[in-house]
Each structure stands twice: as structure tokens, then as C-alpha cells.
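The values are calculated or read from the model by the stated rules, or taken from the named source; none is laboratory data. All values derive from a computational prediction rather than experimental measurement. Note that we place each Cβ from the backbone using ideal geometry, even for glycine, and neighbour counts take in every protein chain shown. Side chains included, ligands, DNA and RNA excluded: accessible areas come from the protein's heavy atoms. Shrake-Rupley method; radii C 1.70, N 1.55, O 1.52, S 1.80 Å.
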Amino acid sequence: MHGGSTEEFQRIRIIMKKDLLNLIDKAEKEHSLTQDELAKILENKEINQELFNAADRVREKYVGNEVQLRGLVEFSNMCSKNCFYCGLRKDNKNLKRYKLKPEIIIDFAEKAVSYGYKTLVLQSGEGDFYSTKEMSHIISEIKKLDVAITLSIGEKTEEEYKLFKEAGADRFLLRIETTDRELYKRMHPEMSHENRVNCLMTIKKLGYEVGTGSLIGLPNQTIESLAGDILFFKELEADMIGIGPFIPNEDTPLAAEKSGTFEMSLKVMALTRLLLPDINIPATTAMESLNPDGRIIALQSGANVVMPNVTEGEYRALYKLYPGKICINDTPTHCRGCITGKIHSINRTVSKDYGFRKKNYTNQ
Ligand code: SAM
Ligand code: SF4
Ligand code: FES
């Protein structure tokens, strides 16, 4: 390459960086970007820190310095679905399965409340391993503990979602995983993208706070589709968005695939904060599984929620979505102390309320 063309290359690089910084600035003020603009920011590595700083400022302005803690109860690893990436998929025969009895789930919830949690997330594989009546009973008993309840139990019928809402559930978490329909089809045999979207609409219609999100780094996932994911979150007017890297599990068809990156997950998360300024965004467990300071870095790049594990005993290790999952040998009390210490170390505080989204941005 001639000296002149190297200079020319440098000049173009500087102009491009300046353009991208202008876009980040615009997003910080107007909370809007096109798919093409989002993709350009995702593609370029030179503006990362400026992006994270902007997301941190928007987080502070709209949701403040309190961090919401939500206790995660992983109450069953039984699953009737076969998502290609997940260790709980039904065809994985290398996993000891468990299904906690309702009284044990309620007992774990009581313990979590005694550690100070005001919100619990009840998560499991998908399927009819509990009857609707049993699930409603679990929800209504836990509701008596004066907590907000999030369900993360997959696709259900409208009738079931309605009954769970009536039993006391406040929020529902159902990631869209990807808005690329072809990729969705490849990753989810016998599932339909259309039904996933319909479930999210139903959940919203029924008055739940809606949580969704994406996996970052699925095989052959494009930058454009990640940009499309962010626009989907905005269009849905989601209340909570969880973004996490895909981590390959040796007992799945994606065993030999590359992991998603921490960096790209953080960038999608930060852009989500810029476009949906007042929603709740967790610093996800999968992020920390790739980077030992992952959750703290995420909390400084747009996130305002952490979901520490409150599952007791051996079940933590058996809820094996992917290898290297953090906290599998720890106790709920240890995790509560650990995460509180980390939050204080960055001059943030732990919220004492139920953590509902406080809408203070209307132009969405
Ligand atoms: N079964 C419910 C569902 O699919 O909505 C809830 C439980 S599922 C285990 C929760 C989330 O785990 C999924 O939405 C998915 O994004 C994430 N997950 C599964 N396998 C993963 C992997 N290998 N790497 C990162 N995240 C994974
Ligand atoms: Fe089952 Fe959810 Fe895992 Fe899919 S992601 S296999 S539905 S637990
Ligand atoms: Fe579980 Fe730190 S949050 S050990």
C-alpha cells in the first residue's frame, strides 16, 4: 500500500468515527436510530467506550442509581422443547432431571424473601410438567409473601397466561431469542416465530410487564438482525430486556460452535438502553459467565437489574443451560452478599422496592 493511501485510510477512519459518535449522541438525546445506523454502531469497535458511557448516562437519568435485585428460582429442568443451544433440551440425555415439589418451591421463595428479595423470578423448562392448577397454587402462595412475581416458563395458551396473572403473577419473561425468522426456525425445531410473537402480544394484552430479549452470537446470526432485534424491543414497548451471549453446551447440536462475545452482548444491551431509556435491563448471568466482572461492567453500560440465583442445593448445577455458569456451588446468602458488595463497590445502591418499571419516557 502507498503511503498516501494509508493516510487516506486514516482520514476515512476518523470521519467514520466522528459520524458514529454523532449517531450515539443523537440516540442519547432522541432515543431513536434506524436499523442501518444501529448496525453501523454494532460493527465498529472504535466507539465502544463512548457507547457504553452514553448508555450509562441514560440509565442514570431515567432509572437512577438503584439496582433492582430479583431472586431467581430455577424450579425444574424438565423440558419438552429442543432448542438447539440449550442444555435443558429434551433430547439431552446427559442431564439428571428434577422437578421441585410445590412446597419446596414455596419454601425456596420464603427463604429468598428472608434474604431481602422483593421480586422473585420463577423459571423452568417448558411443558406441562405442572398442571395449571398446581402452577396457580404455587403463584398464589408465593404472592402471599408480598413479592412481585415474574414467570419465565415458556409458551402457554392465553387461558393459562390469564389464570397465572389472576393467581398473582406480575411479569413474564419470554425472550424472542432472535428476530431473524430463518435463524429462529433453524434453532427451534417444531416451534414457530409467529407463535413466539403472539405469546408476547398476549402477555402484554393481559397486563403483565413484558420481558423479552435475545441471544447474541448464534451461528450465522447477522449484525443486521441484531439491529432488528433492538427495533423489535422498541416496537413491542417491552418493559424489560435481557441480552446474553450464546454459550455452546457440549450436550447440544451446537457443541462445536463458537461462543457469542461479551463485547457484542454489551453493545446490543447498551444500544437497547439508548432506545428504550426507562426500561429494566439486567446484567445477565451469561455475561458474567464469559467475563468475571461481566455484571459490574454491564451495570456501568446501561443495566440496572441483577438476578441472583436463590435456588438451593444441587439444583443449581443441574440447571445447566451452558458450561461455566456462575454461582453453581454457592448459596443464596453468599450470592446476595457477593452481589451487594459488587454493587456498592461502584457506588450504586440496592433497591428496596418491587422493581416495577417506572414509565418516565413517553415518546416510544
Ligand atoms: N424455557 C423457558 C424459555 O425458553 O423461555 C425459560 C427458561 S430458558 C432456559 C431461559 C433462557 O436461557 C432462554 O431464553 C435462552 O436465551 C437462555 N439460554 C439457553 N441456552 C443458552 C445457552 N447455551 N447460552 C446462553 N443462554 C442460553
Ligand atoms: Fe427448553 Fe427454554 Fe431450554 Fe428451549 S430454552 S430447551 S424451551 S428450557
Ligand atoms: Fe453468586 Fe457472586 S453472585 S457468588
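Quick notes on this one:
- Residues that are assigned to a loop (DSSP other than H, G, I, E, B), within 16 Å of ligand 1 (Cβ to nearest atom), open to solvent by 50 Å² or more (accessible area, probe 1.4 Å) and touching a residue at least 60 places away in the same chain (Cβ under 8 Å) do not occur anywhere in the range 336-347.
- Residue in the range 82-100 that is of a type outside the set (Lys, Arg) and in contact with a His (Cβ under 7 Å, 6 or more places away or on another chain) present: yes
- Wholly enclosed helices (runs of 4 or more DSSP H) of the range 93-197 bearing at least 2 residues β-branched (Val, Ile, Thr) and open to solvent by 30 Å² or more (accessible area, probe 1.4 Å): 102-114
- Enumeration of residues in the range 1-49 that are in a helix (DSSP H, G or I), closer than 24 Å to Thr222 by Cβ and acidic (Asp, Glu): Asp19, Asp36, Glu37, Glu43
- The residues listed here are Gly242, Gly228, Gly211, Gly217; of these, the one that is within 16 Å of ligand 2 (Cβ to nearest atom), open to solvent by 10 Å² or more (accessible area, probe 1.4 Å) and within 17 Å of the chain's Cα centre (by Cα) is Gly217.
- Qualifying positions in the range 1-36 - under 23 Å from the mean Cα position of the chain (by Cα) and either surrounded by 18 or more Cβ atoms within 10 Å (Cβ to Cβ) or in contact (Cβ under 8 Å) with a residue 60 or more places away in the chain (or both): Ile24, Ala27, Glu28, His31, Ser32, Leu33, Gln35
- Filter result for the condition that a residue is farther than 18 Å from Met287 by Cβ, at pLDDT 95 or above and either open to solvent by 10 Å² or more (accessible area, probe 1.4 Å) or away from ligand 2 (no atom under 16 Å from the Cβ) (or both), over Tyr315, Tyr322: Tyr315
- Within the range 245-271, the set of residues being out of contact with any Gly (no Cβ under 7 Å at 6 or more places or on another chain) and either within 30 Å of Tyr354 (Cβ to Cβ) or buried (at least 24 other Cβ atoms within 10 Å of the Cβ) (or both) comprises Leu266, Lys267, Val268, Leu271.
- Restricting attention to the range 50-92, the residues that are surrounded by 24 or more Cβ atoms within 10 Å (Cβ to Cβ), in a helix (DSSP H, G or I) and out of contact with any Leu (no Cβ under 9 Å at 6 or more places or on another chain) add up to 1.
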